[in-house]
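One structure is given below, encoded as structure tokens.
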Amino acid sequence: MCKRALFTIVVLLVISVILLQHPVKLKPGNGQREERILILFNSLFEESITAKRVFKWIYGTMWRIPVDTYDVFLYKINSTWLNENLPRYSMVIFLDMMNGQSTLGDDTWQVIFDNDDRITYIAYGYAVNDVRASKLFGCSSAKRSYVEDIVLIRHWLTEGLPSQITVKRSEVVATPSGGQAIITPWGAPNEALLVVKGNNAWIGLTELGEGLFNRYSYLLSIVERLLALDGKVHVHIQLPERLLAIRIDDIPFSTESWFWRWQYFTPQQYEKFFQILEKHGAHVNYGIIPFNVSKEDGKWISYIEIFPETVQVIREAEQRGTVEVADHGATHVTPYQQRYVEAKTTNPLDLTRIIRFEFGYDPVLKKPIPYELQKEHIEKGVGEVEKWFGKKIELFIPPWHVWNEATEKALAEEGIKVFSGDFRFRKGGYGQPPSVMGEKSKYGLLYVPTTHSWDLARDGSTDTIKYYIGSFLDHGIPVVLLSHGRNWTFMKYREIFSLSNVDSTLTKLDETVKPDYATILQIASKLEQWRNTHTSIGMGADALTLQIAAPAEMKVKLSIIAPPGYKIEKIVLNEEELDASIRILSLREGENKVVIRFTGEAALQQSMYPLTILLVAAVVVSVIVAASIIFALKRKKKAPNTGRK
């Protein structure tokens with residue numbers, strides 16, 4: 001009897017485990033509907049504004065999915081508005097309650113729950129501390145916690161991603177309560193940073209809300225797959241080229257290079273450098289500093305007078321198309337340069353602090369640099385670079401990556417079209433505006449910022465390069481690598497820029513991520529065209545209909561997100577049937593129609609909550625059965641023996 005009890009327990013536990021692993025078939029509705037995303041945010045909170053920029057950029061700017069944003073601080077939402085507008089959307093992203101407080105009334109929340117079966121809801125941050133959000137997203141008790149490593153649970157959202165990733169940052173963690181934990185802190189399986197409940201998801205990963213895709217590239221795959229949480233096939237377009245530019249600043253020299261004694265290439269080494277680039281089909285963007293500031297009297301001396309041979313070699317490479325030049329300020333020195341001239345110190349670190357910054361903000365005076373001083377430096381800098389190269393300069397690189405809106409205003413007035421600073425979704429500590437790939441400034445400058453360091457490509461393994469740089473290119477996001485093209489040391493940082501490591505680095509890039517090398521202005525041209533490309537996406541039970549309005553003849557790449565269980569059967573472009581494996585499409589100018597037909601149904605893992613109930617029930621039944629058997633055995637032993645001898 002004890003063996004029978006043990007056998008019963010084992011069988012029930014096995015059944016429970018099978019239930020936990022068994023996928024649930026999610027059948028999409030039959031009606032045709034549009035792919036459109038609504039982002040709710042609250043402009044009262046900077047974190048909400050930043051997260052809104054992040055999601056709008058990746059879904060709207062880079063993947064051209066129609067996205068609407070709604071500020072709940074300025075325009076209150078009620079149930080009437082939601083009843084009228086909610087059916088338009090396939091996904092709603094709640095960034096308005098990141099602080100854990102919802103401004104929506106109970107009747108409005110009821111409308112949200114009523115549409116739960118047909119709309120994917122995404123929440124972020126402390127949102128699930130609201131009891132209604134907690135019920136919707138299957139987790140609660142969100143709190144801050146420092147996390148060293150995260151564990152990615154086996155799920156189709158994490159398929160192909162590392163099982164463990166080091167983050168070393170403050171995250172928002174929550175306790176699953178009806179939802180399935182997809183990402184957890186290492187060593188804390190009862191807490192989660194990504195929870196899925198049905199077709200909804202809550203996210204606590206702070207790196208996503210800040211848009212740190214270049215440091216945590218796994219986020220790009222997660223964000224893309226969230227589109228298909230509803231168990232349906234989804235599609236978006238992305239840039240077909242794997243665009244990669246190399247940017248080198250402080251050419252041909254800089255004032256601080258004198259007192260640090262940093263080493264640059266000789267004219268002969270520059271020639272060999274350009275030959276290596278041409279061998280790989282690569283280009284380089286040079287941020288040109290045209291003037292040196294004399295320490296003796298503060299006079300500006302054009303570097304063409306100091307390094308005429310170097311400038312000539314660069315000119316020739318520019319004429320061949322190997323080099324593209326940008327203005328990198330006039331001097332790389334503060335407009336208040338008299339303090340540099342009068343400084344008694346010879347310590348290079350102290351001198352560096354004295355000469356910061358040329359634009360935006362002066363850290364010594366602790367105030368913004370006046371527009372008039374910035375405009376003067378821009379006019380003189382751009383004018384001198386144009387004199388060197390005999391052409392109009394359209395690209396600007398801010399020295400030290402410090403600038404403000406006054407800088408951008410002066411640049412626009414000078415005819416600058418493209419701006420390459422650092423990649424940021426939020427305002428910088430010195431007043432820098434957000435600088436997001438493919439977005440435009442208040443004054444119409446197109447941002448093409450740096451995304452990664454040249455050091456990452458030079459020193460990283462092939463797996464590292466694929467993970468960081470490859471992830472950007474795989475998702476249609478251009479890459480700009482930043483270097484200073486010199487041998488230099490600054491505090492603990494040291495860079496060796498040699499001809500041999502340039503050749504080996506480019507070879508490594510060619511073999512691992514197969515980039516399409518471009519200049520920053522070439523990337524800007526692609527992005528400008530991309531911004532003028534518009535889509536509408538119809539989703540049916542067995543087909544997607546993608547309408548693309550193209551500003552010119554161009555190519556796009558289809559990214560089809562199909563949950564497990566689906567198969568793409570046919571792709572039709574403008575009535576022409578293509579092979580189902582084709583992803584690069586050649587569009588005509590104007591309207592284009594793409595039809596993607598598929599078969600199957602989604603086999604997605606169920607929420608852990610009902611399955612946990614089954615498991616607990618199985619264990620409870622097992623215990624009851626075992627207890628009953630043991631109790632019966634004990635009674636039998638106590639009973640008198642009435643049998644014959």
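Per-atom-type breakdown for segment 326-392 gives carbon and sulfur 54% of the accessible area (1.4 Å probe, protein chains only). The calculated Kirkwood hydrodynamic radius for the chain is 27.8 Å, given to one decimal from all distinct C-alpha pairs. Here the contact order of segment 387-466, divided by its residue count and restricted to Cα pairs under 8 Å and six or more residues apart, works out to 26 percent. Stretched out straight at 0.36 nm per residue, the stretch from Glu575 to Asn115 would grow longer than its current Cα-Cα span by 162.1 nm. The angle between the Cα long axis of helix 520-531 and the main principal axis of the chain comes to about 50°, on a 0 to 90 degree scale.
Residues within the reach of a label modelled at Ala552 (point 7 angstrom out along Cα to beta-carbon, backbone nitrogen below 18 Å), restricted to segment 567-589, are 585-589. Take Asp297: with every protein chain present and a 1.4 Å probe, its accessible area is about 80 Å². In summary, the aspartates and glutamates within cross-link reach of Lys526, defined as a Cα separation below 14 angstrom excluding same-chain residues under 8 places away, comprise Glu241, Glu439, Asp516, Glu553.
With R₀ set to 22 Å, the beta-carbon distance separating Glu376 from Asn347 gives a calculated FRET efficiency near 0.15. Our estimate of slack between Glu305 and Lys442, defined as 0.36 nm per intervening residue step minus the Cα-Cα distance, is 45.6 nm. For segment 442-519, the relative contact order is 35 percent, taking Cα pairs closer than 8 Å that sit 6 or more residues apart in sequence and dividing their mean separation by the residue count. Using the Cβ-Cβ distance between Asp510 and Asn487 with R0 = 30 Å, the FRET efficiency computed as 1/(1 + (r/R0)^6) comes to roughly 0.75. Ligands, DNA and RNA left out, the 1.4 Å accessible surface of segment 405-540 is 50% carbon and sulfur atoms.
Each of Ile523, Ile306, Val325 was placed along the dipole of the chain (beta-carbon charges, centred on the mean Cα), and the one lying farthest toward the positive end is Ile523.
Taking all C-alpha pairs of segment 78-119, those more than 16 Å from each other amount to 36 percent. For the chain, the longest principal axis of the Cα atoms and the long axis of helix 46-55 meet at an angle of about 90 degrees. Sorting Asp107, Asp117 by accessible area puts them as Asp117, Asp107; the probe is 1.4 Å, largest comes first, and only protein heavy atoms count.
Mean residue ellipticity, 222 nm, helices only, the chain: the sum of -39500 (n - 2.57) across DSSP H runs of n ≥ 4, divided by residue count and rounded to 500, is -10000 deg cm²/dmol. Charge dipole (Cα centre; +1 on Lys/Arg Cβ, -1 on Asp/Glu Cβ; no other charges) of the chain amounts to roughly 3820 debye. Across segment 27-156, the mean sequence separation of Cα contacts (distance under 8 Å, 6 or more residues apart), normalised by length, yields a relative contact order of 24 percent. If the Kirkwood radius is taken over C-alpha pairs of segment 244-397, then at 10 °C and 1.306 mPa s the Stokes-Einstein diffusion coefficient equals 97 µm²/s.
Excluding same-chain neighbours fewer than eight residues apart, no lysines are reachable from Lys272 by a Cα-Cα span under 18 Å. Check cross-link reach from Lys295 to the lysines: straight Cα distance under 17 Å, and skip same-chain residues fewer than eight apart. Within the straight-line cut-off, Lys295 pairs with Lys344.
Per residue, the accessible area of the chain comes to 43 Å², computed with a 1.4 Å probe over protein heavy atoms only. Placing pseudo-labels 7 Å out from each Cα toward the beta carbon at Gln275 and Val364 gives an inter-label distance of 4.5 nm.
When Met62, Met491 are compared by accessible area at a 1.4 angstrom probe, the order from most to least is Met491, Met62. Taking all protein chains together and a 1.4 Å probe, the residues Arg88, Arg494, Arg486, Arg36 rank Arg494, Arg88, Arg36, Arg486 from largest to smallest accessible area.
In the complete set of protein chains, residue-level accessible area for Lys299 is approximately 130 Å², probe 1.4 angstrom.
Ordered from longest to shortest, the equivalent ellipsoid semi-axes for segment 242-296 are 26, 13, 8 Å, each the square root of 5 times a Cα gyration tensor eigenvalue.
The label point for Lys143 and the one for Asp71, both projected 7 Å from the Cα toward the Cβ, are 3.5 nm apart.
Taking the protein heavy atoms of segment 133-213 in the context of the full set of protein chains, the accessible area attributed to carbon and sulfur is 49 percent at 1.4 Å.
The values are calculated or read from the model by the stated rules, or taken from the named source; none is laboratory data. Computed from a prediction, not measured in an experiment: that's the story for all the values here. Heads up, the Cβs are rebuilt from the backbone with ideal geometry, glycines too, and the neighbour counts pull from every protein chain shown. Just so you know, the surface numbers come from the protein's heavy atoms only, side chains and all, with ligands and any DNA or RNA stripped out. Shrake-Rupley method; radii C 1.70, N 1.55, O 1.52, S 1.80 Å.
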